[in-house]
Amino acid sequence: QVQLVESGGGLVQPGGSLRLSCAASGSMDRMYVMGWYRQAPGKQRELVAAIVSGTTTNYGDSVKGRFTISRDNAKNTLYLQMNSLKVEDTAVYYCNAYPPMPNIWGQGTQVTVSS
């Protein structure tokens, strides 16, 4: 079973940037569509961005134009480049397949945007 480990989160000021990484212990090839999700305090987990094996991507309206998702299947790694961060981007960020596989959620990585 694939295990996912997210990293790259931290504290950043509004307008700043972060790059998140998601390392998979096994091959990501069978996860045809992968996504980044986030969960803010008191809110449900939501899909932020998704990428099909290859270069086809899709983004939530709140992050479109600011976030970029990419994947490197050779390295079994998923990335999320986040620019122009806003306070409302504060959340724990997770990666998973899309639709998500319930048994492989990782610990997530905390992103805090604050001045």
Just to be sure, is LEU20 under 15 Å from the mean Cα position of the chain (by Cα) and either touching a residue at least 24 places away in the same chain (Cβ under 8 Å) or not in a loop (DSSP other than H, G, I, E, B) (or both)?
-> yes
For region 28-57, enumerate the residues that are part of a strand (DSSP E or B), within 18 Å of MET82 (Cβ to Cβ) and not basic (Lys, Arg).
-> MET34, GLY35, TRP36, TYR37, GLN39, GLU46, LEU47, VAL48, ALA49, ALA50, ILE51, THR57
Of the residues that make up region 69-88, is at least one open to solvent by 20 Å² or more (accessible area, probe 1.4 Å), among the hydroxyl-bearing types (Ser, Thr, Tyr), over 16 Å from VAL111 (Cα atoms) and without any contact (Cβ under 8 Å) to a residue 24 or more places away in the chain?
-> yes
Could you figure out which of (1) of a type outside the set (D, E, K, R); (2) within 23 Å of GLN13 (Cα to Cα); (3) part of a loop (DSSP other than H, G, I, E, B) isn't true of ALA74?
-> (2)
Scan region 1-17 residue by residue and report those that are open to solvent by less than 30 Å² (accessible area, probe 1.4 Å), closer than 21 Å to ASN83 by Cα and either among the β-branched types (Val, Ile, Thr) or not in a loop (DSSP other than H, G, I, E, B) (or both).
-> GLU6, GLY10, VAL12
Please enumerate the residues belonging to region 80-109 that are under 24 Å from THR56 (Cβ atoms) and outside any loop (DSSP other than H, G, I, E, B).
-> LEU80, GLN81, MET82, ASP89, TYR93, TYR94, CYS95, ASN96, ALA97, ILE104
Hey, among the residues in region 40-52 that are open to solvent by 20 Å² or more (accessible area, probe 1.4 Å) and more than 12 Å from ASP89 (Cβ to Cβ), which one's farthest from the chain's Cα centre (by Cα)?
-> GLY42
Output the number of the condition that GLY65 fails; it satisfies all remaining conditions of (1) open to solvent by 60 Å² or more (accessible area, probe 1.4 Å); (2) part of a strand (DSSP E or B).
-> (2)
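The values are calculated or read from the model by the stated rules, or taken from the named source; none is laboratory data. Just so you know, these numbers come straight off a predicted model, no measurement behind them. Every residue, glycine as well, gets a Cβ built from its backbone with ideal geometry; the counts of neighbours run over all protein chains shown. These area figures cover heavy atoms from the full protein model, side chains too; ligands, DNA and RNA do not enter into them. Shrake-Rupley method; radii C 1.70, N 1.55, O 1.52, S 1.80 Å.
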